[in-house]
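Presented below is the structure to which this report refers.
The values are calculated or read from the model by the stated rules, or taken from the named source; none is laboratory data. If you're wondering where the values come from, they're calculated on a predicted model, not measured in any experiment. Heads up, the Cβs are rebuilt from the backbone with ideal geometry, glycines too, and the neighbour counts pull from every protein chain shown.
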Amino acid sequence: MIRVLLVDDQDIFRQGLAALLSIREDIEVVGQACNGQEAIAFAAERQPDVVLMDVRMPICDGLTATHEIHQRYPWIQIVVLTTFDDDEYIWQSLQSGAIGYLLKRTPTDQVVSTIRSAYLGYSQLSPTIASKVFNQLTSKQFSSEAIEQSQLSKRELEVLMLIGQGKNNQEIAEMLHLSDGTVRNYVTRILSQLNLRDRVQAVLWAQQHLTD
């Protein structure tokens, strides 16, 4: 059973989502919070597996709550669920520890799928959010400091750049004339070498270490 905490200041939306999630056999809504302060308290008390977190809320916003919960309880997976697709919100949420970012217009089945993926430790972004993230990484290159710190080979840096641009393993293999297995090995090595959890964290690392 996946224990889920819902955090949103819009009562009607939050309660409606709770009702939709509660009919899923593998999901239990263990709490509802209307601001980030309540979310932090609920996380401490009920230890949910996954938190669906809004961004803009009174008293304490979702970015602050995401950071606090992730710092205190890194095993709790946080997915942002909001109406806002501002670049700043997206990057700050992911950098604060969110494992996913969805818009509220996302179909319920996809929200459920994201909850299940987050529970297993996999990141997921709405298609429009993913395109925003990846588009920021085109026409740039890694700084010399990043290359030295990463200790990655030239080929691994090429693979990392393509990951940052949203390419999947098959697309990377075709672009670099490699086998799918070789690309998978490169991706595994990159994540291990940089101590990253998944491809979204790899995108974040790339964004932080690129220069025009």
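Is it true that Trp91 is of a type in the set (Phe, Trp, Tyr) and surrounded by 13 or more Cβ atoms within 10 Å (Cβ to Cβ)?
Criteria met by Trp91.
Just one of Leu103, Leu94 is modelled with pLDDT under 95, in contact with an Asp or Glu (Cβ under 9 Å, 6 or more places away or on another chain) and of a type in the set (A, V, I, L, M, F, W, C); which is it?
Checking each option against the conditions leaves just Leu103.
Pairs please, first residue from region 114-130 and hydroxyl-bearing (Ser, Thr, Tyr), second anywhere and buried (at least 16 other Cβ atoms within 10 Å of the Cβ) and in a helix (DSSP H, G or I), Cβ atoms under 7 Å, 6+ apart in sequence or on different chains.
Ser123/Arg199; Ser123/Val200
List every residue pair whose Cβ atoms lie under 9 Å apart, where the two residues are 6 or more positions apart in sequence or sit on different chains, the first residue falls within region 30-43 and is touching a residue at least 40 places away in the same chain (Cβ under 8 Å), and the second residue, located anywhere, is in a strand (DSSP E or B).
Nothing qualifies.
Give the residue that is surrounded by the fewest Cβ atoms within 10 Å (Cβ to Cβ), with candidates limited to residues of region 12-60 that are over 19 Å from Gly97 (Cβ atoms) and acidic (Asp, Glu).
So the residue we want is Glu25.
Looking at Glu148, is it in contact (Cβ under 8 Å) with a residue 12 or more places away in the chain, part of a helix (DSSP H, G or I), acidic (Asp, Glu) and not assigned by TED's automatic domain parsing to the domain that holds Pro48?
For Glu148, the condition - in contact (Cβ under 8 Å) with a residue 12 or more places away in the chain, part of a helix (DSSP H, G or I), acidic (Asp, Glu) and not assigned by TED's automatic domain parsing to the domain that holds Pro48 - is not met.
Is it fair to say Thr106 is within 21 Å of Ala39 (Cβ to Cβ), in a helix (DSSP H, G or I), free of Cβ contacts under 8 Å to residues at least 40 places away in the same chain and of a type in the set (Val, Ile, Thr)?
Considered against the rule, which asks whether it is within 21 Å of Ala39 (Cβ to Cβ), in a helix (DSSP H, G or I), free of Cβ contacts under 8 Å to residues at least 40 places away in the same chain and of a type in the set (Val, Ile, Thr), Thr106 comes out as no.
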